[in-house]
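Take a look at the structure set out below.
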C-alpha cells in the first residue's frame, strides 16, 4: 500500500479555493477579456473614448476587419461596450465602453504596464528556452 502525503498550509485561504463554481466564472471572463484582441480594444476605448469602426481598426495593429467585428460583438454581448448607430447619412456608428467595461481600465493599464516592464525578461527567457531545446 502506498502512502499519501498531505501538506497543510497555514494562513488565510487562497481566493481560488473559495470559488463556488470551480473557477468557471473566472475562466469565462478571461476567455473574453484575455483573448488576443479584446484587451487592446478595451484599452484603446478607455483612453480615446467613443470611436468609429474605421478609427478603431486603424488603432488596433494587425487586426482584420472580421476579427474586429467579432471582438466588438463579443464585448457588446458581455455588456462591456455599446454600439450606437446615428441616423445620419452616411451612417455613423460609434463604440464606447459601458461603465462595466470602463471598470476594467485599471486592470488593463496594470497589465499593459507589467507587459512593458517585463518584456525584455520574457524575451530573454524565451531565447534561453529555445536555444536549450
Are any residues in the stretch 1-49 assigned to a loop (DSSP other than H, G, I, E, B), modelled with pLDDT of 90 or more and touching a helix residue (DSSP H, G or I) at 6+ places or on another chain (Cβ under 8 Å), and if so, which ones? 37
Within the stretch 75-91, track down each residue that is within 15 Å of residue 103 (Cα to Cα) and touching a strand residue (DSSP E or B) at 6+ places or on another chain (Cβ under 7 Å). 75, 76, 80, 81, 82
Matching option when the condition is touching a residue at least 40 places away in the same chain (Cβ under 8 Å) and more than 14 Å from the chain's Cα centre (by Cα), among 96, 120: 96
Is it fair to say residue 83 is farther than 28 Å from residue 116 by Cβ, at pLDDT 95 or above and in a helix (DSSP H, G or I)? no
With respect to residue 66, determine if the residue is surrounded by fewer than 15 Cβ atoms within 10 Å (Cβ to Cβ), touching a strand residue (DSSP E or B) at 6+ places or on another chain (Cβ under 9 Å) and either at negative phi or part of a helix (DSSP H, G or I) (or both). no
With criteria (1) out of contact with any strand residue (DSSP E or B) (no Cβ under 6 Å at 6 or more places or on another chain); (2) surrounded by 10 or more Cβ atoms within 10 Å (Cβ to Cβ); (3) not in a helix (DSSP H, G or I), residue 94 comes up short on (1)
Tally, over the stretch 30-55, of residues that are farther than 21 Å from residue 113 by Cα and crowded, with 16+ Cβ neighbours inside 10 Å: 2
What number of residues within the stretch 50-63 are more than 16 Å from residue 33 (Cα to Cα) and assigned to a loop (DSSP other than H, G, I, E, B)? 3
Would it be correct to say that residue 71 is closer than 21 Å to residue 109 by Cβ, touching a helix residue (DSSP H, G or I) at 6+ places or on another chain (Cβ under 6 Å), without any contact (Cβ under 8 Å) to a residue 40 or more places away in the chain and assigned to a helix (DSSP H, G or I)? yes
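The values are calculated or read from the model by the stated rules, or taken from the named source; none is laboratory data. Just so we're clear, the structure is a prediction, and the values are computed from it rather than from any experiment. Note: ideal-geometry Cβ built from the backbone for every residue, glycine included; neighbour counts use all protein chains shown.
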